[in-house]
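A quick write-up on the structure given underneath.
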Amino acid sequence: MPKGADLLIAALENEGVDRIFGIPGEENLDVLEALRGSSIQLVLTRHEQAAAFMAATHGRLTGKPGVCLTTLGPGALNLTTGAAYAQLGAMPMIMITGQKGILSSRQAQFQIVDIVAVMTPITKLARQIVSPAMIPTLVREAFRVAEEERPGPVLLELPEDIAGAQTEEIALIPPHPVEIPRASEAALDRAAQLIMRAERPLVMLGAAASRPRSSSDLAQFVVRSRIPYFTTQMGKGTVPGGTELYMGTAALSERDYVHEAIEQADLIITIGHDTVEKPPFIMGSGGPQVIHVGYEPASVEQVYFPQTEVIGDLGSSLRLLADRVAGRLPNAQALLPLREGILNRIAARATEERLTPQRLVHDVRQVMPPDGILALDNGMYKIWFARNYRTQLANTLLLDNALATMGAGLPSAIMAALLYPGRRIMAVCGDGGFMMNSQELETAVRLKLNLVVLVIEDHAFGMIRWKQAVDSFADFGMTFQNPDFVAYAQSYGAKGTRVGSVEALQPALEAAFAGGGVHLVVAPIDYSENKRVLVDELHQRLPVT
Ligand SMILES: Cc1ncc(C[n+]2csc(CCOP(=O)(O)OP(=O)(O)O)c2C)c(N)n1
Ligand SMILES: [Mg+2]
């Protein structure tokens with residue numbers, strides 16, 4: 001007779017799961033034994049937080065939930081940051097945690113934390129499994145909930161005695177495709193009227209525009225309407241065939257060059273915007289009208305309150321909208337003349353003889369082919385990559401503008417390297433964020449991945465230090481010492497290179513990719529541009545009225 005644990009693993013196989021990330025504990029030993037005889041690979045990590053970042057990134061890149069596994073109490077608590085990362089970032093993920101037996105209690109309260117309660121506010125669903133008979137249903141339900149719009153994390157807690165209990169064979173529930181309903185005719189007609197009446201329209205691609213299911217019809221809308229577009233940080237992807245309509249990425253909420261177009265627009269069509277992102281622009285009274293095209297209605301915020309909404313499957317909504325407006329928009333390109341000025345000023349100083357953030361982004365782009373994937377951690381450089389790094393394919397710049405947690409850069413790059421072994425993958429981390437999950441270098445080496453890890457060294461929590469200076473606080477409490485990163489990488493069996501001069505960066509990255517394996521490249525950065533550009537220069541730019 002199968003045990004509860006066997007049913008769990010069979011149900012995961014039934015969902016097409018091929019890897020589970022995590023660190024099992026003694027409460028998971030039946031699950032581990034069932035896993036041993038299954039088709040699913042166990043990917044051990046060195047911290048549960050990293051396992052959750054990996055599983056969430058699997059969901060982000062494929063649309064299929066990634067799965068992570070931990071023990072009870074301390075192990076499960078280490079998943080919380082990853083759960084919030086998936087919840088805010090709309091990434092489908094399943095977390096499976098152990099628990100002491102629930103039918104009898106021979107260890108009193110030892111290690112027991114109410115994980116279902118802890119996880120409830122940071123998941124879409126959190127359930128304890130109380131009988132083996134429920135496992136097939138609960139697993140199918142967990143995947144349904146995690147995957148459907150808006151995607152996110154689900155917790156299933158499997159107590160030790162339920163995992164070990166013998167049970168009847170119980171039939172699994174096969175998954176089936178579910179199509180998302182499309183927008184109503186009335187909403188499409190209303191939006192089409194507004195678009196046709198607009199004098200200076202602009203499109204914005206938001207986070208949900210990068211969902212694996214979203215892409216092709218979305219690009220078609222831009223290409224067929226010929227309306228120029230900009231993106232949010234997480235909406236940074238691409239419009240194949242529409243590159244010449246790209247106006248920039250809103251890495252700041254106001255005052256950046258791309259805001260010249262936003263300030264002059266009389267209509268902004270936002271596609272898949274999620275207000276979990278730091279605002280790409282601030283709506284105010286008297287500003288442009290906004291049409292929100294989304295899988296879900298817009299939440300009403302002080303800075304975002306669209307006047308018109310088209311709710312339903314993004315692809316089909318946009319196809320139907322394009323059918324209504326294509327060829328009937330004489331003003332479509334009214335804002336396009338601003339493009340060159342915006343992009344030129346953003347690209348300024350990209351080849352200067354100092355390792356500025358602009359130069360760093362420029363040189364990294366040179367070594368990344370169009371399908372190469374960059375996975376960013378969180379720090380000052382994120383703003384520069386969002387602003388300056390041009391993408392040609394969707395999901396080739398993975399950044400987190402939702403929870404914006406440090407520590408996710410390396411684990412998310414590891415996931416990308418596992419999924420796409422033939423593509424160039426690079427993690428970009430600050431010296432602060434890298435050290436929050438640097439132990440995963442061992443995981444990457446053990447998995448024999450090809451991965452370049454670029455560590456940007458300023459011996460500081462640079463972004464906070466920058467804010468401190470911008471707000472005229474004294475320079476205090478934000479600097480630290482680093483290990484010798486080259487020796488550190490080598491101690492894990494990875495390779496390491498220190499970039500000694502600005503000209504050495506590009507060859508070092510190229511050599512790191514060419515050599516294969518896990519290769520850390522550490523580059524000292526000149527962060528003086530943070531104030532010169534992002535404060536002084538942009539503050540001289542007066543909003544267009
Ligand atoms: C887990 C976590 N802790 C703290 C913060 C706040 N925070 C945002 S950026 C930053 C500094 C990042 O330093 P580093 O990784 O060295 O990048 P840098 O800005 O120096 O380039 C901090 C402390 C955060 N976002 N996430
Ligand atoms: Mg730093």
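A few remarks follow.
- Placed amide H near Glu309: partners under 5 Å, 5+ positions off or other chain: His292
- Ordering 470-481, 85-96, 414-425 by mean Cβ neighbour count within 10 Å, with the highest value first, yields 85-96, 414-425, 470-481.
- Kirkwood-Stokes translational diffusion coefficient of the range 100-247, alpha-carbon pairs, 4 °C, 1.567 mPa s, µm²/s: 65
- Legend: calculated FRET efficiency, Asn344 to Ser104, from the Cβ-Cβ distance at R0 = 60 Å, rounded to 0.05, equals 0.25.
- Taking amide H atoms as placed 1.01 Å from N in the peptide plane, the amide H of Gly496 lies under 5 Å from those of Leu520, each 5 or more residues away in sequence or on another chain.
- Shown here are the Rg and Dmax of the Cα trace of the chain, at 24.2, 76 Å.
- For the residue pairs Lys278/Lys495; Lys382/Lys495; Lys124/Lys278; Lys382/Lys448, alpha carbon separations beyond 30 Å are given by Lys278/Lys495.
- Once the chain from Leu419 to Lys448 is taken as fully extended at 0.36 nm per residue, the excess over their C-alpha distance is 9.1 nm.
- Sorted largest first, extent of the range 315-420 alpha carbons per principal axis (Å): 46, 36, 27
- Here the gap between Lys531 and Glu169, fully extended at 0.36 nm per residue and compared with their Cα-Cα distance, gives a gain of 123.9 nm.
- Centroid-to-centroid separation of the range 19-72 and the range 75-139 [C-alpha atoms, Å]: 13
- Estimated FRET transfer efficiency when R0 is 45 angstrom, pair Val130-Leu393 (beta carbons, to 0.05): 0.50
- Here the label points at Arg541 and Glu353, each 7 Å from Cα along the C-beta direction, are separated by 2.8 nm in the simple model.
- On Cα atoms only, tilt of 409-419 relative to the major axis of the chain in degrees: 80
- Bridging of Lys100 to lysines at a Cα separation below 19 Å is possible for Lys3, once same-chain residues fewer than 8 apart are set aside.
- When only Cα pairs below 8 angstrom with a gap of at least 6 residues are kept, the chain shows a relative contact order of 13 percent.
- Charge context of Leu42, other residues only, Cβ under 13 angstrom, K/R +1, D/E -1: +1
- Mean Cβ neighbour count within 10 Å, used as a protection proxy, ranking 190-200, 373-383 highest first: 373-383, 190-200
- If you take the Cα centroid of the range 234-294 and the Cα centroid of the range 348-424, the two points sit 21 Å apart.
- Total formal charge among the other residues, if their Cβ is under 12 angstrom from that of Gly430, Lys/Arg +1 and Asp/Glu -1: -2
- Under 14 Å, Cβ to Cβ, from Ala512 - net charge with Lys/Arg +1 and Asp/Glu -1: +1
- For the range 401-525: relative contact order, % (alpha-carbon pairs under 8 angstrom, 6 or more apart): 27
- Farthest toward the positive end of the dipole of the chain, out of Ile135, Leu399, Ala50, is the Cα of Leu399, where the dipole comes from beta carbon charges about the Cα centre.
- Figure legend: label point modelled 7 angstrom from the Cα of Ser299 along Cα→Cβ; residues of the range 67-86 with amide N under 16 Å from it are 84-86.
- The alpha carbon radius of gyration of the range 1-149, expressed as a multiple of 2.2 N^0.38 Å, is 0.96.
- The Leu29 and Glu148 beta-carbon pair, evaluated with R₀ = 35 Å, returns a calculated FRET efficiency of approximately 0.60.
- Over the range 253-314, relative contact order from alpha-carbon pairs under 8 Å, at least 6 apart, %: 32
Every number here is computed from the coordinates shown, using simple stated rules; none is lab data. A quick note: this is a predicted structure, and the numbers were derived from the prediction, not measured. When we count neighbours, we look across all protein chains shown, and the Cβ atoms used for this are built from the backbone with ideal geometry, even at glycine.
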